[in-house]
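The values are calculated or read from the model by the stated rules, or taken from the named source; none is laboratory data. These numbers were taken from a predicted model, which means no experiment stands behind them. Reconstructed Cβ throughout: ideal geometry from the backbone, glycine too, with neighbour counts over all protein chains shown. Each accessible area value is taken on the protein alone, full model and side chains, heavy atoms only, with ligands, DNA and RNA left out. Shrake-Rupley method; radii C 1.70, N 1.55, O 1.52, S 1.80 Å.
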Amino acid sequence: MSNEVNHRMDKYSTSRNKKHIARYLLLFVLFILIVSAILGAVYLHTVQKSVNRSYSATGLHSEGSVSNLIQKKKPISFLVLGTDVGTEGGFGTDRNRVGLTDSMMVVTINPKRKTTTLISVPRDIMTSISGFETSFPQKLNAAYAFKESSDNKASLGDGVSTAIVTLQKMFNFPINYYAMVNMSGLGDVVDQLGGVSVKSPLTFAFSQETAHATGKDLYQFQQDSTNFKYASDGQNFQSFSKMNGKAALAFSRMRYQDPLGDYGRTQRQRILLNAIIKKIKGNPSKILNLKFINATTKNIASDLTAQDMLALGSNYMSASKNIVSYTVQGEGEMYDGVSFQRVTTAQRQAITNKVRANLGLSPADTGSEFGSNISSEQLLQVDTADNLYPEDNTDSNLTLKSEDGN
(Lines give C-alpha, C1' and ligand atoms only; values in the text may rest on other atoms or scores of the structure.)
Protein backbone atom coordinates (compact mmCIF):
# COMPACT_ATOMS: atom_id res chain seq x y z
CA MET A 1 0.00 0.00 0.00
CA SER A 2 1.26 3.51 -0.78
CA ASN A 3 2.69 5.87 1.83
CA GLU A 4 -0.20 8.21 1.10
CA VAL A 5 -2.72 5.51 2.02
CA ASN A 6 -0.76 4.58 5.13
CA HIS A 7 -0.75 8.23 6.12
CA ARG A 8 -4.51 8.33 5.68
CA MET A 9 -4.88 5.26 7.88
CA ASP A 10 -2.79 6.91 10.60
CA LYS A 11 -4.88 10.05 10.35
CA TYR A 12 -8.10 8.13 10.72
CA SER A 13 -6.77 6.06 13.62
CA THR A 14 -5.90 9.22 15.55
CA SER A 15 -9.17 11.02 14.87
CA ARG A 16 -10.99 11.11 18.17
CA ASN A 17 -14.36 12.14 16.78
CA LYS A 18 -14.56 9.05 14.62
CA LYS A 19 -14.20 6.79 17.63
CA HIS A 20 -17.61 7.69 19.00
CA ILE A 21 -19.72 5.61 16.63
CA ALA A 22 -22.32 3.88 18.77
CA ARG A 23 -23.19 0.22 18.82
CA TYR A 24 -26.89 0.58 18.08
CA LEU A 25 -26.43 0.12 14.33
CA LEU A 26 -29.12 -2.52 14.09
CA LEU A 27 -31.51 0.35 14.72
CA PHE A 28 -31.47 1.28 11.06
CA VAL A 29 -32.01 -2.26 9.90
CA LEU A 30 -35.01 -2.46 12.24
CA PHE A 31 -36.33 0.83 10.90
CA ILE A 32 -36.22 -0.56 7.37
CA LEU A 33 -38.08 -3.68 8.51
CA ILE A 34 -40.74 -1.62 10.29
CA VAL A 35 -41.15 0.71 7.33
CA SER A 36 -41.38 -2.21 4.93
CA ALA A 37 -43.89 -4.11 7.06
CA ILE A 38 -46.19 -1.09 7.40
CA LEU A 39 -46.00 0.18 3.86
CA GLY A 40 -46.39 -3.23 2.24
CA ALA A 41 -46.59 -3.95 -1.45
CA VAL A 42 -48.69 -0.84 -2.19
CA TYR A 43 -45.61 1.30 -1.62
CA LEU A 44 -43.12 -1.13 -3.16
CA HIS A 45 -42.30 1.09 -6.12
CA THR A 46 -41.64 4.12 -3.94
CA VAL A 47 -39.61 2.13 -1.42
CA GLN A 48 -37.64 0.42 -4.15
CA LYS A 49 -36.54 3.70 -5.73
CA SER A 50 -35.26 4.92 -2.37
CA VAL A 51 -33.59 1.64 -1.44
CA ASN A 52 -31.87 1.32 -4.80
CA ARG A 53 -29.85 4.44 -4.06
CA SER A 54 -28.36 2.64 -1.06
CA TYR A 55 -27.71 -0.70 -2.76
CA SER A 56 -24.15 -1.91 -3.36
CA ALA A 57 -23.30 -5.59 -3.88
CA THR A 58 -20.19 -7.26 -2.44
CA GLY A 59 -19.85 -9.85 -5.19
CA LEU A 60 -19.13 -12.55 -2.59
CA HIS A 61 -22.23 -14.63 -3.34
CA SER A 62 -25.19 -14.65 -5.66
CA GLU A 63 -28.16 -12.49 -4.72
CA GLY A 64 -30.48 -15.39 -5.48
CA SER A 65 -28.87 -17.73 -2.94
CA VAL A 66 -29.18 -15.33 -0.02
CA SER A 67 -32.62 -14.05 -1.06
CA ASN A 68 -33.74 -17.67 -1.02
CA LEU A 69 -32.82 -17.83 2.67
CA ILE A 70 -35.16 -14.94 3.42
CA GLN A 71 -38.01 -16.35 1.35
CA LYS A 72 -37.71 -19.66 3.23
CA LYS A 73 -37.50 -17.87 6.60
CA LYS A 74 -34.09 -19.31 7.37
CA PRO A 75 -31.73 -17.79 9.96
CA ILE A 76 -29.55 -15.06 8.42
CA SER A 77 -26.52 -13.03 9.41
CA PHE A 78 -25.49 -9.42 8.86
CA LEU A 79 -22.28 -7.54 9.25
CA VAL A 80 -23.33 -4.09 10.44
CA LEU A 81 -20.69 -1.38 10.20
CA GLY A 82 -20.63 2.23 11.33
CA THR A 83 -18.79 5.17 9.84
CA ASP A 84 -18.96 8.96 9.85
CA VAL A 85 -18.61 9.63 6.13
CA GLY A 86 -20.55 9.34 2.92
CA THR A 87 -24.12 10.62 3.12
CA GLU A 88 -23.88 13.70 0.95
CA GLY A 89 -26.34 13.08 -1.87
CA GLY A 90 -26.99 9.55 -0.65
CA PHE A 91 -24.69 7.05 1.03
CA GLY A 92 -21.96 5.87 -1.32
CA THR A 93 -22.90 8.15 -4.22
CA ASP A 94 -19.59 10.00 -4.08
CA ARG A 95 -16.00 9.22 -3.09
CA ASN A 96 -16.26 10.98 0.26
CA ARG A 97 -16.66 7.69 2.12
CA VAL A 98 -13.13 6.41 2.79
CA GLY A 99 -13.06 6.08 6.56
CA LEU A 100 -12.60 3.49 9.23
CA THR A 101 -15.60 1.36 10.11
CA ASP A 102 -15.48 2.39 13.74
CA SER A 103 -18.15 -0.04 14.87
CA MET A 104 -18.43 -3.62 13.72
CA MET A 105 -21.28 -5.84 14.76
CA VAL A 106 -22.29 -9.35 13.72
CA VAL A 107 -26.08 -9.69 13.80
CA THR A 108 -27.93 -12.98 13.50
CA ILE A 109 -31.70 -13.17 13.09
CA ASN A 110 -33.48 -16.45 13.76
CA PRO A 111 -37.24 -16.24 13.04
CA LYS A 112 -37.95 -19.76 14.32
CA ARG A 113 -36.44 -19.00 17.72
CA LYS A 114 -37.74 -15.41 17.55
CA THR A 115 -34.34 -14.09 18.55
CA THR A 116 -31.95 -11.45 17.29
CA THR A 117 -28.38 -11.57 18.53
CA LEU A 118 -25.89 -8.71 18.34
CA ILE A 119 -22.20 -9.37 18.87
CA SER A 120 -19.90 -6.35 18.93
CA VAL A 121 -16.52 -7.31 17.48
CA PRO A 122 -13.45 -5.41 18.76
CA ARG A 123 -12.69 -2.86 16.07
CA ASP A 124 -9.02 -2.66 17.09
CA ILE A 125 -8.39 -6.40 16.86
CA MET A 126 -5.02 -7.15 15.25
CA THR A 127 -5.43 -8.74 11.85
CA SER A 128 -3.95 -9.42 8.43
CA ILE A 129 -6.30 -7.78 5.93
CA SER A 130 -7.28 -10.06 3.05
CA GLY A 131 -5.56 -8.80 -0.10
CA PHE A 132 -3.27 -6.47 1.88
CA GLU A 133 -1.27 -8.98 3.87
CA THR A 134 2.01 -7.08 3.41
CA SER A 135 0.61 -4.25 5.54
CA PHE A 136 0.38 -6.50 8.62
CA PRO A 137 -0.34 -5.77 11.41
CA GLN A 138 -3.52 -3.73 10.91
CA LYS A 139 -6.76 -3.21 12.79
CA LEU A 140 -9.86 -5.05 11.66
CA ASN A 141 -11.78 -1.79 11.23
CA ALA A 142 -9.28 -0.68 8.55
CA ALA A 143 -10.18 -3.50 6.15
CA TYR A 144 -12.92 -1.52 4.40
CA ALA A 145 -10.81 1.64 4.16
CA PHE A 146 -7.77 -0.15 2.72
CA LYS A 147 -9.77 -1.38 -0.26
CA GLU A 148 -11.50 1.94 -0.79
CA SER A 149 -8.23 3.88 -0.57
CA SER A 150 -6.25 1.62 -2.87
CA ASP A 151 -8.73 1.49 -5.75
CA ASN A 152 -10.61 4.59 -6.88
CA LYS A 153 -12.90 2.37 -8.94
CA ALA A 154 -13.92 0.22 -5.99
CA SER A 155 -17.59 0.28 -5.09
CA LEU A 156 -18.70 0.62 -1.50
CA GLY A 157 -19.61 -3.06 -1.63
CA ASP A 158 -16.07 -3.92 -2.73
CA GLY A 159 -14.69 -2.29 0.39
CA VAL A 160 -17.18 -4.11 2.59
CA SER A 161 -16.31 -7.41 0.94
CA THR A 162 -12.70 -7.01 2.13
CA ALA A 163 -13.95 -6.57 5.69
CA ILE A 164 -16.30 -9.55 5.38
CA VAL A 165 -13.66 -11.90 3.96
CA THR A 166 -11.16 -10.88 6.64
CA LEU A 167 -13.72 -11.42 9.40
CA GLN A 168 -14.92 -14.76 8.02
CA LYS A 169 -11.36 -16.05 7.95
CA MET A 170 -10.88 -15.06 11.58
CA PHE A 171 -14.11 -16.54 12.94
CA ASN A 172 -15.28 -19.20 10.47
CA PHE A 173 -18.95 -18.33 10.00
CA PRO A 174 -20.85 -16.99 7.00
CA ILE A 175 -22.02 -13.42 6.52
CA ASN A 176 -25.15 -13.26 4.33
CA TYR A 177 -25.72 -9.51 4.20
CA TYR A 178 -24.23 -6.25 5.33
CA ALA A 179 -25.53 -2.85 6.36
CA MET A 180 -23.23 0.16 6.64
CA VAL A 181 -24.65 3.05 8.62
CA ASN A 182 -23.68 6.68 8.92
CA MET A 183 -23.84 7.87 12.51
CA SER A 184 -25.49 11.17 11.64
CA GLY A 185 -28.44 9.22 10.29
CA LEU A 186 -29.81 8.64 13.78
CA GLY A 187 -30.25 12.38 14.17
CA ASP A 188 -32.06 12.58 10.83
CA VAL A 189 -34.52 9.88 11.89
CA VAL A 190 -35.18 11.47 15.30
CA ASP A 191 -35.84 14.81 13.60
CA GLN A 192 -38.26 13.19 11.16
CA LEU A 193 -40.16 11.78 14.14
CA GLY A 194 -40.46 15.25 15.66
CA GLY A 195 -38.09 14.43 18.54
CA VAL A 196 -38.27 11.98 21.43
CA SER A 197 -38.35 12.22 25.23
CA VAL A 198 -35.80 10.03 26.99
CA LYS A 199 -35.06 9.66 30.70
CA SER A 200 -31.31 9.71 31.33
CA PRO A 201 -29.86 6.94 33.54
CA LEU A 202 -27.11 9.27 34.84
CA THR A 203 -26.03 12.89 35.08
CA PHE A 204 -23.44 13.93 32.53
CA ALA A 205 -22.38 16.63 30.09
CA PHE A 206 -21.24 16.14 26.52
CA SER A 207 -19.85 18.56 23.96
CA GLN A 208 -20.33 17.63 20.31
CA GLU A 209 -17.24 19.73 19.61
CA THR A 210 -14.79 18.15 22.08
CA ALA A 211 -16.49 14.81 22.94
CA HIS A 212 -15.91 15.72 26.60
CA ALA A 213 -17.79 17.54 29.37
CA THR A 214 -16.67 21.02 28.35
CA GLY A 215 -16.66 23.00 25.12
CA LYS A 216 -19.14 24.54 22.73
CA ASP A 217 -22.25 22.73 21.52
CA LEU A 218 -22.64 21.46 25.08
CA TYR A 219 -25.44 19.29 26.49
CA GLN A 220 -26.19 18.59 30.16
CA PHE A 221 -28.35 15.57 31.01
CA GLN A 222 -29.87 14.89 34.44
CA GLN A 223 -30.28 11.46 36.03
CA ASP A 224 -33.87 10.14 36.09
CA SER A 225 -35.13 13.14 34.15
CA THR A 226 -36.27 13.75 30.59
CA ASN A 227 -35.20 17.38 30.95
CA PHE A 228 -31.80 18.49 29.67
CA LYS A 229 -29.95 21.71 28.96
CA TYR A 230 -28.12 22.94 25.88
CA ALA A 231 -25.70 25.82 25.23
CA SER A 232 -24.29 26.44 21.76
CA ASP A 233 -21.54 28.59 23.32
CA GLY A 234 -21.00 26.17 26.20
CA GLN A 235 -22.16 28.72 28.80
CA ASN A 236 -25.65 30.11 28.27
CA PHE A 237 -28.00 27.18 28.71
CA GLN A 238 -31.61 26.65 27.73
CA SER A 239 -33.82 23.83 29.04
CA PHE A 240 -35.61 21.25 26.91
CA SER A 241 -37.73 18.16 27.53
CA LYS A 242 -37.66 16.63 24.04
CA MET A 243 -34.52 15.57 22.18
CA ASN A 244 -33.97 16.59 18.60
CA GLY A 245 -31.50 14.70 16.41
CA LYS A 246 -28.41 16.51 17.71
CA ALA A 247 -29.38 15.95 21.34
CA ALA A 248 -30.01 12.26 20.64
CA LEU A 249 -26.52 11.91 19.19
CA ALA A 250 -24.99 13.62 22.23
CA PHE A 251 -26.95 11.35 24.58
CA SER A 252 -25.76 8.27 22.67
CA ARG A 253 -22.12 9.12 22.05
CA MET A 254 -20.75 9.94 25.50
CA ARG A 255 -18.28 7.36 26.76
CA TYR A 256 -15.58 8.79 29.02
CA GLN A 257 -17.78 9.88 31.96
CA ASP A 258 -19.88 6.73 32.18
CA PRO A 259 -18.79 4.55 35.14
CA LEU A 260 -20.06 1.53 33.19
CA GLY A 261 -17.89 2.35 30.17
CA ASP A 262 -19.06 0.88 26.88
CA TYR A 263 -21.84 -1.03 28.61
CA GLY A 264 -23.25 2.26 29.89
CA ARG A 265 -23.12 3.69 26.41
CA THR A 266 -24.95 0.73 24.88
CA GLN A 267 -27.49 0.99 27.71
CA ARG A 268 -28.25 4.59 26.73
CA GLN A 269 -28.46 3.56 23.09
CA ARG A 270 -31.02 0.88 23.94
CA ILE A 271 -33.02 3.42 25.96
CA LEU A 272 -33.05 5.76 22.98
CA LEU A 273 -33.94 2.95 20.59
CA ASN A 274 -36.88 1.92 22.77
CA ALA A 275 -38.14 5.52 22.85
CA ILE A 276 -37.96 5.77 19.06
CA ILE A 277 -39.72 2.46 18.44
CA LYS A 278 -42.37 3.35 21.03
CA LYS A 279 -43.07 6.60 19.22
CA ILE A 280 -43.34 4.82 15.88
CA LYS A 281 -45.73 2.22 17.30
CA GLY A 282 -47.82 4.93 18.92
CA ASN A 283 -48.17 6.87 15.68
CA PRO A 284 -47.31 4.79 12.59
CA SER A 285 -48.33 7.65 10.32
CA LYS A 286 -45.04 9.32 11.31
CA ILE A 287 -43.20 7.01 8.92
CA LEU A 288 -45.86 6.76 6.20
CA ASN A 289 -44.11 9.24 3.96
CA LEU A 290 -41.27 9.24 1.48
CA LYS A 291 -39.42 11.93 3.42
CA PHE A 292 -38.97 9.59 6.39
CA ILE A 293 -37.94 6.70 4.15
CA ASN A 294 -35.38 8.86 2.38
CA ALA A 295 -34.02 10.15 5.70
CA THR A 296 -33.46 6.54 6.76
CA THR A 297 -32.16 4.97 3.56
CA LYS A 298 -29.94 7.98 2.85
CA ASN A 299 -27.80 6.95 5.78
CA ILE A 300 -27.61 3.26 4.96
CA ALA A 301 -25.70 1.25 2.38
CA SER A 302 -26.56 -2.42 2.01
CA ASP A 303 -26.80 -5.36 -0.36
CA LEU A 304 -30.44 -5.87 0.61
CA THR A 305 -32.84 -5.37 -2.28
CA ALA A 306 -36.24 -3.78 -1.77
CA GLN A 307 -37.84 -7.21 -2.21
CA ASP A 308 -35.52 -8.63 0.46
CA MET A 309 -36.53 -5.86 2.85
CA LEU A 310 -40.22 -6.46 2.30
CA ALA A 311 -39.72 -10.18 2.90
CA LEU A 312 -37.73 -9.40 6.06
CA GLY A 313 -40.51 -7.14 7.25
CA SER A 314 -43.11 -9.89 6.92
CA ASN A 315 -41.01 -12.95 7.80
CA TYR A 316 -38.61 -11.78 10.50
CA MET A 317 -40.32 -9.11 12.61
CA SER A 318 -41.06 -11.67 15.34
CA ALA A 319 -37.31 -12.00 15.89
CA SER A 320 -37.20 -8.42 17.18
CA LYS A 321 -39.13 -9.51 20.30
CA ASN A 322 -35.99 -10.95 21.90
CA ILE A 323 -32.81 -8.99 21.23
CA VAL A 324 -29.67 -10.06 23.09
CA SER A 325 -26.41 -8.10 22.93
CA TYR A 326 -22.89 -9.34 23.54
CA THR A 327 -19.64 -7.41 23.69
CA VAL A 328 -16.34 -9.19 23.25
CA GLN A 329 -13.16 -7.48 24.35
CA GLY A 330 -9.66 -8.83 24.03
CA GLU A 331 -6.56 -7.58 25.80
CA GLY A 332 -5.27 -4.13 24.96
CA GLU A 333 -1.73 -4.05 23.63
CA MET A 334 0.57 -1.36 22.25
CA TYR A 335 2.60 -2.48 19.26
CA ASP A 336 4.90 -0.10 17.40
CA GLY A 337 3.08 2.84 18.97
CA VAL A 338 -0.39 1.65 17.91
CA SER A 339 -3.10 0.34 20.22
CA PHE A 340 -4.49 -3.09 19.30
CA GLN A 341 -6.83 -5.66 20.79
CA ARG A 342 -5.55 -9.23 20.98
CA VAL A 343 -8.12 -12.02 21.06
CA THR A 344 -7.23 -15.59 21.98
CA THR A 345 -8.44 -18.77 20.31
CA ALA A 346 -10.94 -19.43 23.11
CA GLN A 347 -12.37 -15.92 22.83
CA ARG A 348 -12.75 -16.24 19.07
CA GLN A 349 -14.25 -19.70 19.49
CA ALA A 350 -16.91 -18.24 21.80
CA ILE A 351 -17.98 -15.86 19.02
CA THR A 352 -17.89 -18.65 16.43
CA ASN A 353 -19.98 -20.95 18.60
CA LYS A 354 -22.64 -18.31 19.25
CA VAL A 355 -23.02 -17.24 15.64
CA ARG A 356 -23.03 -20.73 14.16
CA ALA A 357 -25.56 -21.93 16.75
CA ASN A 358 -27.84 -18.98 16.01
CA LEU A 359 -27.64 -19.78 12.29
CA GLY A 360 -28.45 -23.44 12.89
CA LEU A 361 -25.04 -24.56 11.64
CA SER A 362 -22.99 -27.46 12.97
CA PRO A 363 -20.17 -26.65 15.41
CA ALA A 364 -16.76 -25.89 13.89
CA ASP A 365 -13.35 -24.62 14.91
CA THR A 366 -12.87 -20.88 14.84
CA GLY A 367 -10.58 -19.33 12.23
CA SER A 368 -6.98 -18.22 12.55
CA GLU A 369 -6.06 -15.33 14.84
CA PHE A 370 -4.99 -12.97 12.07
CA GLY A 371 -7.32 -14.19 9.34
CA SER A 372 -5.00 -14.24 6.36
CA ASN A 373 -1.63 -15.92 6.52
CA ILE A 374 1.39 -14.08 7.84
CA SER A 375 5.07 -14.95 7.56
CA SER A 376 7.07 -16.64 10.31
CA GLU A 377 9.05 -13.43 10.70
CA GLN A 378 5.87 -11.41 11.22
CA LEU A 379 4.58 -13.95 13.73
CA LEU A 380 7.85 -13.80 15.62
CA GLN A 381 7.46 -10.03 15.95
CA VAL A 382 3.93 -10.01 17.37
CA ASP A 383 3.60 -13.52 18.88
CA THR A 384 0.18 -15.12 19.35
CA ALA A 385 -2.51 -13.93 21.73
CA ASP A 386 -2.61 -17.45 23.19
CA ASN A 387 1.02 -17.17 24.24
CA LEU A 388 0.74 -13.59 25.43
CA TYR A 389 -2.51 -13.97 27.37
CA PRO A 390 -2.93 -17.64 28.39
CA GLU A 391 -5.35 -16.58 31.14
CA ASP A 392 -7.79 -15.56 28.39
CA ASN A 393 -7.51 -18.89 26.59
CA THR A 394 -9.30 -21.20 28.99
CA ASP A 395 -12.61 -23.07 29.00
CA SER A 396 -14.22 -20.18 30.86
CA ASN A 397 -13.60 -17.98 27.82
CA LEU A 398 -15.59 -20.30 25.54
CA THR A 399 -18.94 -18.85 26.66
CA LEU A 400 -20.12 -15.36 25.80
CA LYS A 401 -21.91 -13.35 28.44
CA SER A 402 -24.68 -10.98 27.43
CA GLU A 403 -24.44 -7.31 28.29
CA ASP A 404 -26.89 -7.80 31.16
CA GLY A 405 -24.49 -10.36 32.64
CA ASN A 406 -26.30 -13.55 31.67
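Please work out the Kirkwood hydrodynamic radius for the stretch 117-214, using every pair of different C-alpha atoms, and report it in angstroms with one decimal place.
16.5 Å
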Might you tell me the accessible area per residue for the stretch 112-241, computed with a 1.4 Å probe and given in Å²? 37 Å²
Sort the following peptides by mean Cβ neighbour count (other Cβ atoms within 10 Å, averaged over residues), highest first: 387-398, 344-355, 200-211. 344-355, 200-211, 387-398
